[in-house]
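Student: I'd like to ask you about the structure that follows.
A short reminder: the numbers here are calculations on the coordinates, not readings from a lab. Treat the numbers as computed from the prediction; the structure is a model and nothing was measured. Backbone-built Cβ (ideal geometry, glycine too); neighbour counts: all protein chains shown.
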Amino acid sequence: MMRVALLTLAGLLAAAPLQAQSLPSGVSSYAPTDAPAPSWEARLGIGAANPGGRESGLLNFNGEVMTPRVVTLNDRIASAFVPRFHIGSSLNLNGTRYAYAGATWTIDITKTMFVEGSFGAAVNDGKTGAVIPEDRLNLGCNGGTREAAALGFKLSDRWSLIASLEHFSTAGCSGSNGTNPRGPANFGARLGYTF
């Protein structure tokens, strides 16, 4: 048995130089393979709706799909200016819900930590009439913009965990009875999967 093991080991050692010759120059046989380039990404999460204001204390669910970057650049700083596009929805069972689409800019701080900023158009199903229930936000209109900021951590080459703050802006909308409309701001965490 020991003889078979030694012969197998000798055969593997003899074949190692032949295997190394078939690799591209400058690549070690011990080097890990590169992770696949990021492509589409799906994100799902949960958060707190509008803490400290109307509709606070409600759970908010979020789903989003992101495209790959339009152009892939090797320079980390230059690639921060190339956006990814997204489409998503913020769902609240007892409060304001909205759908949105726009662009997201990602800046890698380290190999495992990144920050993001997002901006885009959004539509909501919130309250806009003359009579607004005491526990609901007065949005003034059903169209607006969505802004978001996030801090993310790459758990692996496919998975990431993202803490986020998103806000539906009612700029340009007029509230009922002379009141200033205010859109929801939601805090939460999302799990992202790149495929």
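Student: At q = 0.15, 0.16 Å⁻¹, what is the base-10 log of I(q)/I(0) for the stretch 39-194 according to the Debye formula with one equal point scatterer per Cα and no solvent? Please give it to two decimals.
Tutor: After summing over all Cα pairs, the log10 values are -0.77, -0.85.
Student: Subtract the Cα-Cα distance of Ala101 and Val123 from 0.36 nm times their separation in residues, and report this length gain in nm to one decimal.
Tutor: Difference between extended and current length: 7.0 nm.
Student: What are the ³J(HN,Hα) values, in whole Hz, obtained from phi via the Karplus relation 6.51 cos²θ - 1.76 cosθ + 1.60 with θ = phi - 60°, for each residue of the stretch 84-101 in sequence order, with x given for Gly and Pro?
Tutor: Coupling constants for the stretch 84-101: 10, 9, 9, 9, x, 8, 10, 10, 10, 5, 10, x, 6, 10, 8, 10, 8, 8 Hz.
Student: Next up: Calculated FRET efficiency, Trp159 and Ser39, Cβ-Cβ r, R0 22 Å, to nearest 0.05?
Tutor: Efficiency computed from Cβ-Cβ geometry: 0.95.
Student: Between Tyr193 and Ala48, how high is the FRET efficiency from 1/(1 + (r/R0)^6) when r is the Cβ-Cβ distance and R₀ = 25 Å? Nearest 0.05. Mind showing how you got there, number by number?
Tutor: On the way: r = 23 Å, r/R0 = 0.92.
In this case the efficiency is close to 0.60.
Student: Just subtract the alpha-carbon distance of Phe81 and Cys141 from 0.36 nm times their residue separation and send over the number in nm, one decimal.
Tutor: Gain in length upon complete extension: 18.4 nm.
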